[in-house]
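What follows is a short report on a single structure.
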Amino acid sequence: MVCVAVGQFSAGTDKEANLTALAALTEQAAAAGARLVAFPEYSMYATRALDAGILDSAEPIDGPFATKVAELAARYRIRVLYGMNEAVPGERRVANTLLAFGPDGELLTSYRKVHLFDAFGFAESDWVTPGDPAQLCTFDLDGLRFGAMTCYDLRFPELARRLTEAGAQALLVPAQWAPGPQKEDHWRLLARARAVENTVYLLAADQCAPTGAGNSVVVDPMGVPVAGVAEAAGIAVTVLDAERVAAVRRRLPSLRHRRFRVEPGDPAPLPDAGGDA
């Protein structure tokens, strides 16, 4: 078993203020016994809608902000996952990147968001370069394998399935889920769907208002929310159990019954909506 937490807050354009909020929630998570805390996408720097400020604020993964988060992880002896905007040499855009630091402050893994949020009137790809779909982000902790993806990735079951096929028993989803009509319902629905169809835990860490929709949640492999945060900043703490995953998979062996492979690649074109068909 492993105690974990999701941390929810509203990041802004003041990096020091964001770090202060992140530090306070990390301390709370560690005090509650959590061995891992997941924070939102764009925890380092966020705006309601992306603009040129994201380019000016970008840092490398060994930059000042990441270094301070690594120090937090080491200070509280906890694994910390959070989202940042990464400066990419030779690129006019940044990468939307997750970093995970271990309790010794060492970088465990990183992930550049693959599916960019060009929907609901937003155009993330104007400012962000996509990651490599072949790259998977996983790490192990106390008998559980975790896989990570970011925000809009939650709408794409293929990535969650690839992480599950790579051995993930719990999925981490840092997000800045933009609020709007039906958006909170989509967030809850998709979190539960990804958990159920892959028989995994799912830990979704969102920003709260005004930059996000809140509702951070931990869902168990049967799709039951077992911990969460509503609309305000805070943490939710729960215990994950590898045997729970195994028991659900014995009872619901859908992963063994699947008949299709999922592989990275360019999407097939949609069929023509016109014509006589």
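The values are calculated or read from the model by the stated rules, or taken from the named source; none is laboratory data. On a predicted model such as this, the values are computed, not experimentally measured, just so you know. In this analysis, Cβ positions are derived from the backbone assuming ideal geometry, glycine residues included, and neighbour counts consider all displayed protein chains. Side chains are part of the model used for accessible areas, which takes the heavy atoms of the whole protein and leaves out ligands, DNA and RNA. Shrake-Rupley method; radii C 1.70, N 1.55, O 1.52, S 1.80 Å.
Under the condition of being without any contact (Cβ under 8 Å) to a residue 40 or more places away in the chain and closer than 26 Å to Met44 by Cβ, which residue from the stretch 190-201 is most open to solvent (accessible area, probe 1.4 Å)? This residue is Leu190. Checked against the criterion of being under 15 Å from the mean Cα position of the chain (by Cα) and not aromatic (Phe, Trp, Tyr), the candidates Val88, Val128, Val114 yield just one match: Val114. For beta carbons closer than 7 Å, sequence separation of 6+ or different chains, a first residue in the stretch 92-103 that is under 11 Å from Ala38 (Cα atoms) and a second that is open to solvent by 10 Å² or more (accessible area, probe 1.4 Å) and outside any strand (DSSP E or B), the qualifying pairs are Leu99/Ile61; Phe101/Ala70. With (1) in a loop (DSSP other than H, G, I, E, B); (2) of a type in the set (A, V, I, L, M); (3) at pLDDT 95 or above as the list, and Ala246 as the residue in question, which single condition is left unmet? The one condition Ala246 does not meet is (1).
Looking only at residues of the stretch 131-159 that are surrounded by 18 or more Cβ atoms within 10 Å (Cβ to Cβ) and assigned to a helix (DSSP H, G or I), we find that the one that is nearest to the chain's Cα centre (by Cα) is Cys151.
Are any residues in the stretch 1-13 of a type in the set (Phe, Trp, Tyr) and surrounded by fewer than 24 Cβ atoms within 10 Å (Cβ to Cβ), and if so, which ones? First the steps, then the outcome.
Here is the first cut: in the stretch 1-13, the residues of a type in the set (Phe, Trp, Tyr) are 9.
Within the stretch 1-13, no residue meets the criteria.
Of all residues being closer than 22 Å to Glu231 by Cα and open to solvent by 30 Å² or more (accessible area, probe 1.4 Å) in the stretch 161-189, which is nearest to the chain's Cα centre (by Cα)? Just the residue, please. Ranking the candidates gives Arg188 first. For the stretch 14-27, the set of residues classified as within 20 Å of the chain's Cα centre (by Cα), of a type in the set (S, T, N, Q) and either surrounded by fewer than 18 Cβ atoms within 10 Å (Cβ to Cβ) or within 23 Å of Gly147 (Cα to Cα) (or both) consists of Thr26 only.
Can you pull out the residues in the stretch 116-151 that are among the small types (Gly, Ala, Ser) and more than 19 Å from Ala5 (Cβ to Cβ)?
Kept after step one, since they are among the small types (Gly, Ala, Ser), are these residues of the stretch 116-151: 119, 121, 123, 125, 131, 134, 143, 147-148.
Those that are among the small types (Gly, Ala, Ser) and more than 19 Å from Ala5 (Cβ to Cβ): Ala119, Gly121, Ala123, Ser125, Gly131, Ala134.
If you go through the stretch 233-269 and keep only what is open to solvent by less than 70 Å² (accessible area, probe 1.4 Å), more than 15 Å from Glu165 (Cβ to Cβ) and without any contact (Cβ under 8 Å) to a residue 40 or more places away in the chain, you end up with Ala246, Ala247. Of everything in the stretch 169-211 that is touching a helix residue (DSSP H, G or I) at 6+ places or on another chain (Cβ under 6 Å) and assigned to a helix (DSSP H, G or I), the residue that is farthest from Leu255 (Cα to Cα) is Leu190. Of all residues being open to solvent by less than 10 Å² (accessible area, probe 1.4 Å) and not hydrophobic (A, V, I, L, M, F, W, C) in the stretch 71-103, which is nearest to Leu141 (Cα to Cα)? Just the residue, please. Taking the candidates together, the pick is Gly102. Polar (S, T, N, Q) and at pLDDT 95 or above - does that describe any residue in the stretch 156-174? Yes; the residues of the stretch 156-174 include at least one that is polar (S, T, N, Q) and at pLDDT 95 or above. Residues in the stretch 28-45 that are buried (at least 24 other Cβ atoms within 10 Å of the Cβ) and either touching a Ser or Thr at 6+ places or on another chain (Cβ under 7 Å) or over 19 Å from Lys113 (Cβ atoms) (or both): Ala29, Ala34, Leu36, Val37, Glu41.
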